[in-house]
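Okay, so here's the structure we're looking at.
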Amino acid sequence: MTKKIISTPNAPAAVGPYSQAVMYGNMLFCSGQIPINPANQEVMKSLPVEEQASLVMKNIEAVLKAADCNFTNIVKTTIFLTDMNDFAKVNAVYEKYFTEAPPARSTIQVAGLPKGVQVEIEVLAAKN
């Protein structure tokens, strides 16, 4: 098997030495997405957490699409929050994207996230 780098201008550019996603066999390993506007690379850390989560999910959707996948291909997600009190707000956004057979998930409170944002989400997907 070979690894294929997945990249799209419709999601934020990598802010370090990593790829937006890597396809290896039928598995898609997506880097964590934070609320960055892909049109201008602006970090949207002043938005309410639910709007940050919505932008994160849209960025994930763009990366999935670039790999010819969608939310039904996701098998595992990890949500990172700077405040676990925001769980219900982020979950309300998240659940809109997984109406049937949701993936496995972990949610972790962290001391800080890149660029001072409140939420980051990473996903693993499998192509059929």
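Beta bridges assigned by DSSP with both partners in the chain are antiparallel in approximately 80 percent of cases.
Taking the Cα centre of the chain as reference, the dipole from Cβ charges on Lys and Arg (+1) and Asp and Glu (-1) amounts to some 380 debye.
For region 9-24, the Karplus equation 6.51 cos²θ - 1.76 cosθ + 1.60, evaluated at θ = phi - 60°, returns couplings of x, 8, 10, x, 5, 4, 9, x, x, 8, 9, 4, 7, 10, 9, 10 Hz by residue, with Gly and Pro reported as x. Residues in region 111-128 carry Karplus couplings, in order, of 6, x, 10, x, 6, x, 7, 9, 8, 9, 10, 10, 9, 10, 10, 10, 7, 6 Hz; the curve used is 6.51 cos²θ - 1.76 cosθ + 1.60 with θ = phi - 60°, and Gly or Pro positions show x. Solvent-accessible area of Thr99, all protein chains in place: 120 Å² (probe radius 1.4 Å, heavy atoms, ligands and nucleic acids excluded).
Label reach from Ala126 (point 7 Å along Cα→C-beta): in region 85-103, amide nitrogens under 14 Å belong to 102-103. Per-residue ellipticity at 222 nm from helix content only, as computed over the chain with -39500 (n - 2.57) for each DSSP H run of at least four residues, stands at -6500 deg cm²/dmol. Determine how large the accessible area of Tyr24 is when every protein chain is in place; take a 1.4 Å probe and give Å² rounded to the nearest 10. Counting only protein heavy atoms, the figure is 100 Å². Just checking my list (1) 144; (2) 172; (3) 101 against volume of the Cα convex hull per residue in Å³ computed from this structure; which label fits? Label (3) holds the value from this structure.
With all protein chains kept in place, the per residue accessible area of the chain amounts to 54 square angstrom at a probe of 1.4 angstrom. Give the shape of region 64-107 as rounded, prolate or oblate, defined through the alpha-carbon gyration tensor: a ≥ b ≥ c are the square roots of its eigenvalues, a/c under 1.5 means rounded, and otherwise the shape is prolate if a/b is larger than b/c and oblate if not. It comes out prolate by the Cα gyration axes.
Across the protein chains, with a 1.4 Å probe defining accessible surface, the residues Asp83, Asp68 rank Asp68, Asp83 from largest area downward. Annotated for region 68-128: lysine pairs at least 8 residues apart or interchain, Cα distance under 23 Å, count 5.
Scaled to the globular estimate 2.2 N^0.38 Å, the Cα spread of region 1-72, given as radius of gyration, is 1.11. In this calculation the C-beta distance from Val75 to Ser19 is compared with R0 = 25 Å, giving a FRET efficiency of 0.85. Counting protein heavy atoms only, the chain has 52 percent of its accessible area on carbon and sulfur, 1.4 angstrom probe.
Protein-only accessible surface at a 1.4 angstrom probe places the residues Lys4, Lys65, Lys127 in the order Lys65, Lys4, Lys127, largest first. Only protein heavy atoms count here; on that basis, with a 1.4 Å probe, Ser19 has an accessible area of about 30 Å². Nearest 10 degrees is fine. How inclined is helix 49-66 to the longest principal axis of the chain, computing both from alpha carbons? Once rounded, the angle reads 10 degrees.
The values are calculated or read from the model by the stated rules, or taken from the named source; none is laboratory data. Every value quoted in this text rests on a predicted model; they were computed, and no experiment measured them. Positions of Cβ are generated from backbone atoms using ideal geometry, with glycine treated the same way; all protein chains shown enter the neighbour counts. Heads up: the accessible areas ignore ligands, DNA and RNA and are worked out on the full protein's heavy atoms, side chains in. Shrake-Rupley method; radii C 1.70, N 1.55, O 1.52, S 1.80 Å.
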